[in-house]
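Only the coordinates and a few stated rules stand behind these numbers; no lab work does. All values derive from a computational prediction rather than experimental measurement. Ideal geometry is used to build each Cβ from the backbone, glycine not excepted, and the neighbour counts take in all protein chains shown.
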Amino acid sequence: TAGSIDSMVANYTPLKKKRRQDDYTPGGHNDRRPNRATIAYTNLIRRYFKDTQPIVLGGIEASLRRIAHYDFWSNKIRRSILFDSKADYLLYGMAEKAVLELAAGLKSGQDIQQLRGLCYITSEPVQSYSELPSFEHVQKDKHAFIDMFHAFYQNNDPLIAKGLIQRHGDRYLVQNPPQPYLSQTELDEIYALPYERSQHPYYESQGSVRALDTIKYSISTHRGCYGECNFCAIAVHEGRTVRWRSQSSILSEARKLAKQPGFKGYIQDVGGPTANMYGFECDKKLSSGVCSKKHCLYPDTCSLLQVDHQPQIDLLRAIRELPGVKKAFIASGIRYDMLMGDEVCGNTYLQELAAHHVSGQLKVAPEHTEPQVLAYMGKPGTKTLLEFKEAFDQASLQSGKRQFLTYYFIAAHPGSREQDMHALKRFVSRKLKMNPEQVQIFTPTPSTYSTLMYYTELDPFTRRPLYVEKEPAKVNRQKQIVVTKGQPHE
């Protein structure tokens with residue numbers, strides 16, 4: 001594994017400049033993780049251990065690069081990372097059960113090629129699997145690359161996914177169907193394991209790992225995301241179905257946190273990919289798998305997804321009652337469109353948030369304000385954002401607290417022009433009464449629809465030409481339009 005983040009994202013900014021700091025490395029020194037770390041590590045093992053056991057890849061980098069993919073840093077279509085690394089197997093997704101099943105299979109000498117969640121290379125195609133356009137074909141034809149990605153994306157749900165094959169030269173990449181999602185009992189068992197919540201003592205003398213600051217005293221309540229923002233890879237890695245831990249499991253972890261050395265009474269985050277997705281899912285999705293032509297939240301919340309904030313309300317109230325816990329914050333962000341659409345519990349949830357679970361600022365991610373750009377992102381419009389802001393400000397006032405919303409925006413996303421960024425600047429200045437600071441430049445990471453748009457310069461759903469800004473100076477200009485203080489451009 002390359003670690004908790006793709007090594008190219010860790011090492012380079014969206015403008016392809018070397019990052020000065022790595023928050024996952026002791027002391028923050030960005031000189032430890034090699035580029036394309038999965039490949040580098042595997043090659044080192046092959047070099048120094050000639051008679052080794054099979055090498056198995058896992059983690060974010062391998063999972064999202066498991067088929068032919070666009071690589072922003074080399075600006076080309078690369079082969080599956082299994083071919084470039086010369087590893088034996090790849091386990092994709094969260095993979096806890098797959099790791100155990102593969103280890104047991106290797107130990108007993110059984111055939112492991114039927115293991116769900118596994119990718120491997122073979123000289124003969126698996127006849128019952130669906131064949132993706134070949135690596136050579138997608139290299140030359142952007143429309144074939146779009147066809148490939150559609151098929152890949154739609155075959156990630158354990159209930160409906162088919163096995164996939166993709167020819168690379170005279171060999172085939174084989175992707176078995178994904179592992180079934182963990183049950184709540186299995187999730188609870190995993191999070192009950194005795195994690196250290198600290199870096200290894202060996203590295204203490206080299207400095208602290210900054211990334212630990214945000215997770216050491218945090219609790220993950222669920223996995224997966226049905227938001228399906230086009231620039232996000234969570235749907236491909238964790239899945240589009242939300243699975244959540246039991247309240248008793250989460251409370252048990254909170255009690256353990258309260259006994260940790262250095263804990264001062266503040267749980268920094270109770271959440272997941274999106275905090276308020278805890279505790280409910282679409283019944284149809286749970287029984288029949290995800291919809292192939294419909295999203296849960298875009299362009300509007302599906303009527304089959306019965307949004308219900310009561311489970312998280314109950315959870316947060318229970319956490320507040322624990323001895324040793326002064327505050328439990330929601331730091332991982334919320335979907336305000338879901339909150340505003342919950343007519344039964346939404347207002348109660350907002351009141352609870354404002355009164356007890358905001359550490360001065362609450363994160364929300366509108367990402368943009370202009371309808372055409374939001375459509376390419378798969379994000380809701382600004383009407384709900386303004387309604388939520390008004391409701392949040394009122395709830396904060398009623399709780400007697402001076403609190404603010406932190407807004408996250410993206411510059412230079414496919415479809416975004418300079419005039420769109422000027423319009424965003426005007427909106428946030430006049431409607432939100434603030435100057436944005438949390439603005440990131442779009443990074444085309446593997447296995448997202450937005451990256452597909454960036455590379456092909458086509459809308460993958462209509463095949464119409466799409467404006468994509470790729471010149472670094474103009475990309476940076478889009479960000480500076482928004483973050484530069486002063487009056488917005490008319």
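Let me confirm the definition first: pairs of Lys residues in the stretch 208-317, 8 or more apart or on different chains, C-alpha distance under 20 Å. How many are there?
For the stretch 208-317, the number of qualifying lysine pairs is 8.
Leaving out same-chain residues fewer than 8 places away, which aspartates and glutamates sit with a Cα under 18 Å from that of residue 485?
List returned: 418, 420, 437.
Where the convex hull is taken over the Cα atoms of the stretch 104-198, what is its projected area averaged over directions, in nm²?
Mean shadow area of the hull around the Cα atoms is 9.5 nm².
Which whole-angstrom value gives the distance between the alpha carbon centres of the stretch 93-169 and the stretch 417-480?
32 Å
Report, by chain and number, residues whose modeled amide H sits under 5 Å from the one on residue 118, excluding near sequence neighbours (fewer than 5 apart, same chain).
Long-range HN contacts for residue 118: 176.
Counting only pairs 8 or more residues apart or on different chains, how many lysine pairs in the stretch 1-150 have their Cα atoms under 22 Å apart?
Close lysine pairs under the 22 Å cut-off: 10.
Using θ = phi - 60° and the Karplus relation 6.51 cos²θ - 1.76 cosθ + 1.60, list the HN-Hα couplings for the stretch 400-416 in order, rounded to whole Hz, with x at every Gly or Pro.
Going residue by residue, I get x, 10, 8, 10, 9, 9, 9, 9, 9, 10, 10, 9, 6, 5, x, x, 8 Hz, with x marking Gly and Pro.
Mind checking the stretch 358-455 for GluC sites (Glu not before Pro) that DSSP puts in a loop (not H, G, I, E or B) and that have at most 14 other Cβ atoms within 10 Å?
Details: sites: 367, 387, 390, 418, 437; in loops: 437.
Answer by residue number: 437.
Quick one: net charge of residue 273's neighbours, Cβ under 9 Å, K/R +1, D/E -1?
0
Separation of the stretch 211-267 and the stretch 1-37 by C-alpha centroid, Å?
23 Å
So what's the net charge close to residue 282: Lys and Arg +1, Asp and Glu -1, counting the other residues with Cβ under 11 Å from its Cβ?
Computed value for this residue: +2.
Non-local amide H neighbours of residue 29 (under 5 Å, H modeled in plane, Pro and chain starts lacking H): which ones?
22
Apply the Karplus parameterisation 6.51 cos²θ - 1.76 cosθ + 1.60, with θ equal to phi minus 60°, to every residue of the stretch 349-354 and state each ³J(HN,Hα) to the nearest whole Hz, in sequence, with x for glycine and proline.
Per residue, the Karplus-derived 3J(HN,Hα) values read 4, 4, 4, 5, 4, 4 Hz.
Just to check I understand the Karplus step: with θ = phi - 60° and J = 6.51 cos²θ - 1.76 cosθ + 1.60, what whole-Hz values come out for the stretch 458-469, glycine and proline as x?
Running phi through 6.51 cos²θ - 1.76 cosθ + 1.60 with θ = phi - 60° gives 10, 6, x, 9, 10, 6, 7, x, 10, 6, 9, 7 Hz.
If I take all pairs of Cα atoms in the chain, what percentage of them are more than 44 Å from each other?
I get 13 percent for the Cα pairs in the chain exceeding 44 Å.
Taking amide H atoms as placed 1.01 Å from N in the peptide plane, list the residues 5 or more away in sequence, or in a different chain, whose amide H sits under 5 Å from that of residue 404.
361, 362
Lys pairs in the stretch 306-447, Cα-Cα under 19 Å, at least 8 apart or on separate chains: how many?
Summing the qualifying lysine pairs gives 22.
If you check each cysteine of the chain for another cysteine whose beta-carbon is under 4.7 Å away, which ones come up empty?
For the chain, the answer is 119, 225, 282, 291, 296, 302, 345, because their Cβ atoms have no other cysteine Cβ under 4.7 Å.
To the nearest 20 debye, what is the magnitude of the charge dipole of the stretch 1-110 about its Cα centre, counting +1 on the Cβ of each Lys and Arg and -1 on the Cβ of each Asp and Glu?
Computed charge dipole of the stretch 1-110: roughly 480 debye.
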